[in-house]
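Following: one structure in structure tokens, then a few remarks.
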Amino acid sequence: MLIVIKGKHIYLRALEPSDIDLIFEWENNAEVWNISDTVQPFSRFALEKYVSSVQDIYVQHQLRLIICEESSDTPIGCIDLFDFSPLHHRVGCGILIADQEQRGKGYAREALNLTIDYCFDFLECHQVYCNILEDNFQSINLFEKAGFERIGLKKEWINKKGKYHNEYLYQLLRSSHD
């Protein structure tokens, strides 16, 4: 498997044991729980176990890549691939730029484009999909600019504090990416 996927301003790399503190902080940030279906904090022990496990997308059907700023080697977020299906050649994708100050600089777009290429070229996926809350305009803009097409609406899909929110399903097919 590729260890580092390089772009112009960022690169993607595998999880390292030294990432435990960052992952602990990111996973336990309740402000982003609504986009990740998280409902409780993660223990450091659980995260250490996850990071130390073999990160093989063909075994676990998921993979987390750390997004690092090229000029400083600073981790700024992560890309999650999930529900990987080698049989159906598809994978789900989610992205987090954790540091508010790093948002709006094009890092998410570059990371997403690198990930799409990785999914199509190395994992031989036919499609990449994502789920986005209808009021998450930054993510909608990001994925639409990358060529994703809105293919569905899941009505009242996500419950946030007693109020239901719609979620869009987006898809990018290899044929529309080439």
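The values are calculated or read from the model by the stated rules, or taken from the named source; none is laboratory data. In this text, all values refer to a predicted model and were calculated from it rather than measured experimentally. Please note: Cβ atoms are built from the backbone with ideal geometry, for glycine as well, and neighbour counts cover all protein chains shown.
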Can you tell me which residues in the range 102-155 are in contact with a helix residue (DSSP H, G or I) (Cβ under 7 Å, 6 or more places away or on another chain) and small (Gly, Ala, Ser)?
-> ALA108, ALA146, GLY147
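Yes/no per residue for (1) under 18 Å from GLY77 (Cβ atoms); (2) touching a Gly at 6+ places or on another chain (Cβ under 6 Å); (3) crowded, with 16+ Cβ neighbours inside 10 Å:
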site: ASP99; (1), (2), (3): yes, no, no
site: TYR118; (1), (2), (3): yes, no, yes
site: GLN127; (1), (2), (3): no, no, yes
site: ASP135; (1), (2), (3): no, no, no
site: LEU142; (1), (2), (3): yes, no, yes
site: ILE151; (1), (2), (3): no, no, no
site: ASN159; (1), (2), (3): no, no, no
site: ASN166; (1), (2), (3): no, no, no
site: SER175; (1), (2), (3): no, no, no
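Mind listing just one residue for me: the one in the range 120-171 that is in a loop (DSSP other than H, G, I, E, B) and not hydrophobic (A, V, I, L, M, F, W, C) and, of those, farthest from LEU81 (Cα to Cα)?
GLY162
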So the helices (runs of 4 or more DSSP H) completely within the range 1-98 holding 1 or more residues that are at pLDDT below 80, over 22 Å from ALA146 (Cα atoms) and among the aromatic types (Phe, Trp, Tyr) are 20-27, 33-36, 44-52
May I ask you to list pairs of residues, at least six apart or on different chains, whose Cβ atoms are under 9 Å apart, with the first in the range 108-121 being of a type in the set (Asp, Glu) and the second being crowded, with 21+ Cβ neighbours inside 10 Å?
-> GLU110/ILE10; GLU110/ILE67
